[in-house]
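What follows is a set of notes on a single structure, which appears directly below.
Here, each number is a calculation from the coordinates, and none is a lab measurement. A quick note: this is a predicted structure, and the numbers were derived from the prediction, not measured. FYI the Cβ positions are ideal-geometry reconstructions off the backbone, even for glycines, and counts take in every protein chain you see.
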Amino acid sequence: MKSLVGLWIVLSVWLTAGEINIAVAANVSYAIKPLIEAFEKSHQGMKVVPIIGSSGKLTAQIRHHAPFSLFLSANVAYPQHLYDEGIAKEAPVVYAKGRLALFCRKGCSFKEGIKTLLQPWVERVALANPQTAPYGVATQEALRHAGVDKALRKRVIYGESIGQTLTYATRITSMGVVAKSALYAPSMQRFKEGKMWQEVEPNLYAPIAQGMVLIPQKQGQATAQAFYDFMRSKQAQTILRHYGYDI
């Protein structure tokens, strides 16, 4: 706890007028840079600093008074909890809807869809932990509806966040279930759709409604409100669509 308090003090001291920290779910880490660049270009004097992590851990940090002015979660539930607890003053709104994708770093056939995960050559599968990552909850739902969840149990390596899951899938495991949005990042362009990744069948799970909520802070409220409004703008929605999100 002391280390967390120390971190919040450091983050608060670094902030200047017109500058805010925002908590950003790992799946948004690939889109957040162009979003912030577009915002700062049109809002001179305002600066947004993203802190990336799993939605569950970011929620815990906000509860312990982390100096975040805005929370971009991977689902609506976590920001809703903060609103119900009185930490956020307004109910969350949905800024994007995320999708899942099967990922195979060495390339494979996806003709069997999500059941490709059961192929004998698939020794390890990277999945997001449903205890800390909303994308993990959606993944579990998809696996359960496809009837493959029990057969995969001994093959699974869990990532704390969907970002860590992608790291495992690109470096360690045979396959993984990752955020579709991650595959539109410049660093992921070498992984081709249809050969190294394919969207998970949408009928297997509900679209992942991602919520955002303002967290009152002593400074930077104008910047926080401006970025919150920007995230709901057509310009931001165009960027999010480019990264594979539904709106």
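Can you list the residues, at least 5 places off or on another chain, whose amide H is less than 5 Å from the amide H of LEU70, using H built in the peptide plane?
ALA23, ILE215
Among SER187, SER73, what is the fewest-to-most ranking by other Cβ atoms within 10 Å? Let's see the in-between values first.
Working: SER187 9, SER73 29.
Ordered by Cβ neighbours within 10 Å, fewest first: SER187, SER73.
In sequence order, what are the phi-derived ³J(HN,Hα) couplings for the stretch 220-232 according to the Karplus relation 6.51 cos²θ - 1.76 cosθ + 1.60 with θ = phi - 60°, rounded to whole Hz, with x for glycine and proline?
x, 5, 5, 5, 4, 5, 5, 6, 4, 5, 4, 4, 9
Could you give me the ³J(HN,Hα) list for the stretch 200-213, computed from phi with Karplus coefficients 6.51, -1.76, 1.60 and θ = phi - 60°, whole Hz, x at Gly and Pro?
Once θ is set to phi - 60°, the couplings for the stretch 200-213 become 5, 3, x, 6, 8, 7, 7, x, 8, 6, 9, x, 10, 8 Hz.
Return the long-range amide H neighbours of LYS47 (sequence gap of 5 or more, or a different chain), with a cut-off of under 5 Å between placed amide H atoms.
The list, which skips near neighbours in sequence, is GLU19, ILE20.
Just want to confirm a number: the relative contact order over the chain, from Cα pairs under 8 angstrom separated by 6+ residues, in percent.
Normalised by residue count, the contact order of the chain is 30 percent.
Among 223-229, 156-162, how do they line up by average Cβ neighbours within 10 Å per residue, starting with the highest?
156-162, 223-229
Short version: ³J(HN,Hα) in whole Hz for each residue of the stretch 162-175, in order, from phi by Karplus 6.51 cos²θ - 1.76 cosθ + 1.60 (θ = phi - 60°), x for Gly and Pro, what are they?
Computed from phi, the couplings for the stretch 162-175 are 5, x, 5, 4, 5, 4, 4, 5, 8, 10, 10, 8, 5, 9 Hz.
For every other residue with a beta carbon closer than 13 angstrom to the beta carbon of GLN225, add +1 if it is Lys or Arg and -1 if Asp or Glu, then tell me the sum.
My count for the surroundings of GLN225 gives 0.
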